[in-house]
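Beneath this line is the structure, given in structure tokens, with notes to follow.
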Amino acid sequence: MGLFLKKKGVNILICPVVIQYTVMIKEIRTVEFVVLPTSKAKARKMFQIAGACRYVWNHFREKNLADYQAFRNGKGQRPQTSFFSLALEFTKLRHETDWLRELPANPVKRTLKYFADALEEAMKGKKGFSKPKSRAKATPSFTIARDSGTFKIKKRNNKYSLLYIPKIGWVEITRRGGNPWEKGTPKQIVLRHDGHRWRAFVFYEVEVEKRPYDGAVLGVDMNVRQIATSDGHSYSLPDLEKKEKRRKWYQRKMARQVKGSSRRKDTKRKLAKVSRKIANIRKDWIHQTTKEIAEKCGTVIVEDLKVKNMTASAKGTIENPGKNVKQKAGLNRAMLDTAFGGIRKNLEYKCGRLVKVNPAHTSQTCSECGHVDKENRKTQARFLCVNCGFAYNADTNAAMNIRRLGMAQLHGEGSGISTVPMNREIDTRLPYG
Ligand SMILES: [Zn+2]
């Protein structure tokens, strides 16, 4: 496209040149593998490491509890919460404990990183003091950080890879569809037993192309079982009612059965199976939906729900028990159902830019005339403006409001918007609980 300017008889051709360049950024991608059955000795050792993590967690918890309470009551010094100081103490403990010495230091010590974070949160009053991890309830898991070649991954063929775990040796891992990030640098690995088998979550640092800002912006309204976008689409979670009923049934059955009995174990296994199926369906849905949304836009605007805080605060603390605990617990469970955290994380890296806006009144505001009224929301599904008569799907209306708020934020603050950080610190939380 060219444009001629005629000025004093001179023809000047102004040709807008679009310089296309790509920016590469470093990000973390998690790849989930299944650990194939190994020898009994290796399997036993993996459980031992997970057990040691639990032991160390409980040991340090007990050690710090009194100090924490004294500090909270204003009668003591602030306990050391840094991973560094805890790690020094761990080295001492490991020296004195024979069985701990036989296990690799790195993954067991890594538990204290999580503990240090939990302690810091508790110290700030954001959360209560961490609970002890019980053998029956805690999911066996451990983390290996790549400090000095502690773990290795080797590709064997398109289907299988080999993973080296310190003091255990090589185990075979596999993933359906192969490893999409095999060229990345593995930074950390989380091994977790899902009640059926071990899974390995490898955190790869990868170079990805930063998606150029294409101007397409969508507002996204997340609901208990569906996501609505401001372009009028909505994505519903597949019907899980049957499976959830079955899960509840197994839970009740298990509660009635004698602890330690073989029948109870059998029920527990079946319960784990159905729970796994539900989790997988949800996971697939999140991947599908976020992929479809990302194909349409490079910027998504979401509500800044402090989902975590909302779920944590319902129960309250001992000093300050929460109100409407029962009601909120139901809502929270439903909220967690759609795993907002997972959706957001996926949107963030698939779209490239995520903007958060204050969620106040987004569901009661008319996206057409801006009238805010509780009466606008006659039912859960329908929106009908009492001022201008605008009628629409309630979630889509909310998504449109979210988009409008986000656009205002984008224009108002120019480039200073909160976007995806260029180089994130390794996020050791897994997207799915
Ligand atoms: Zn209106």
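Read the figures in this text as sums done on the coordinates, not as results from a lab. Because the structure is predicted, anything quoted here is derived from the model rather than measured. Note: ideal-geometry Cβ built from the backbone for every residue, glycine included; neighbour counts use all protein chains shown.
General remarks:
- Residues in segment 230-245 reached by a label modelled at Ile278 [backbone nitrogen below 11 Å; 7 Å Cα→Cβ]: 240-245
- Cα centroid separation - segment 208-262 against segment 92-160, whole Å: 29 Å
- If you plug the beta carbon distance of Asp231 and Glu121 into 1/(1 + (r/R0)^6) with R0 = 25 Å, you get a FRET efficiency near 0.05.
- The order of the peptides 231-241, 195-205 by mean Cβ neighbours within 10 Å, most packed first, is 195-205, 231-241.
- Spread over its residues, the convex hull of the C-alpha atoms of segment 170-263 is 216 Å³ per residue.
- Cross-link pairs beyond the 31 Å C-alpha cut-off, checked among Lys152/Lys242; Lys133/Lys273; Lys253/Lys350: Lys152/Lys242; Lys253/Lys350
- The shape of segment 103-224 comes out oblate: with a ≥ b ≥ c from the C-alpha gyration tensor, a/c is at least 1.5 while a/b does not beat b/c.
- Likely footprinting exposure, Cys297, Cys369, fewest C-beta neighbours within 10 Å first: Cys369, Cys297
- Residues of segment 359-378 with amide N under 17 Å of the 7 Å Cα→Cβ point at Ala391: 366-369, 375-378
- Inter-site label distance for Val208 and Gln77 at 7 Å from Cα along Cβ, in nm: 4.5 nm
- Distance between the pseudo-spin-label points of Glu102 and Tyr160 (7 Å out from Cα toward the beta carbon): 2.9 nm.
- Protection-proxy order for peptides 341-347, 68-74, each taking the mean of Cβ atoms within 10 Å per residue, highest first: 341-347, 68-74
- FRET efficiency, Thr139 to Gln380 (Cβ-Cβ, R0 35 Å, nearest 0.05): 0.50
- Computing Rg and the Kirkwood Rh from the Cα coordinates of segment 27-210 gives a ratio, Rg/Rh, of 1.01.
- Spin-label pair Lys265-Cys369: with each label point 7 Å from Cα along the Cα-Cβ axis, the two points sit 6.8 nm from one another.
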